[in-house]
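Note sheet for the following structure.
The values are calculated or read from the model by the stated rules, or taken from the named source; none is laboratory data. A quick note: this is a predicted structure, and the numbers were derived from the prediction, not measured. With ideal geometry, Cβ positions are generated from the backbone for all residues, glycine too; neighbour counts draw on all protein chains shown. These area figures cover heavy atoms from the full protein model, side chains too; ligands, DNA and RNA do not enter into them. Shrake-Rupley method; radii C 1.70, N 1.55, O 1.52, S 1.80 Å.
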Amino acid sequence: QVQLVESGGGLVQAGGSLRLSCAVSGSTFSINSVDWYRQAPGKARERVGGMDNGGSTNYADFVKGRFTISRDTAKNTVYLQMNSLKTEDTAVYSCNVLVKRPGTITQYSYWGQGTQVTVSS
């Protein structure tokens, strides 16, 4: 059984930094790829960026140069490093990972529970 735990959200002043984590535990599954999303109050969910199984990353224009996605394979954890935060970055951030067992091709999609990021002016 896969357990996916997000952490790292909180309150930060504009210009500050936060690092979100998304950890897969309790199973033999490994993370194949990840997408990070966010949803602000009253707004549609939007994709922040992602990392594919080869480690290549891509980002939405509104976070390029400020946010970085990385992974620690040994810890089965992916990260979203957020720098130079702006008030408009305030939202609930969620990770969506594709996991699979080593040596197999079937992937399974899991969502994190979401974590609140609040950026104050």
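In table form, for the structure just shown:
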| item | result |
| --- | --- |
| Dipole magnitude (debye, nearest 20) for region 22-121, charges at Cβ of Lys, Arg, Asp, Glu | 100 debye |
| Top of Val63, Val24, Val78 by mean-square fluctuation, Gaussian network on the chain, Cα under 10 Å | Val63 |
| Spatially proximal lysines relative to Lys100 (Cα-Cα < 25 Å; intrachain offsets below 8 disregarded) | Lys75 |
| Among Gly42, Gly65, Gly15: highest mean-square fluctuation, GNM of the chain, C-alpha pairs under 10 Å | Gly42 |
| Percentage relative contact order, the chain, counting C-alpha pairs under 8 Å, at least six apart | 35 percent |
| Listed residues Leu20, Leu11, Leu80, most fluctuating in the chain (Gaussian network, C-alpha, under 10 Å) | Leu11 |
| Whole-number accessible area per residue in Å² for region 34-112, which is evaluated in the context of all protein chains at 1.4 Å | 54 Å² |
| Set of lysines near Lys64 by C-alpha distance (under 17 Å), chain-local residues within fewer than 8 positions excluded | Lys86 |
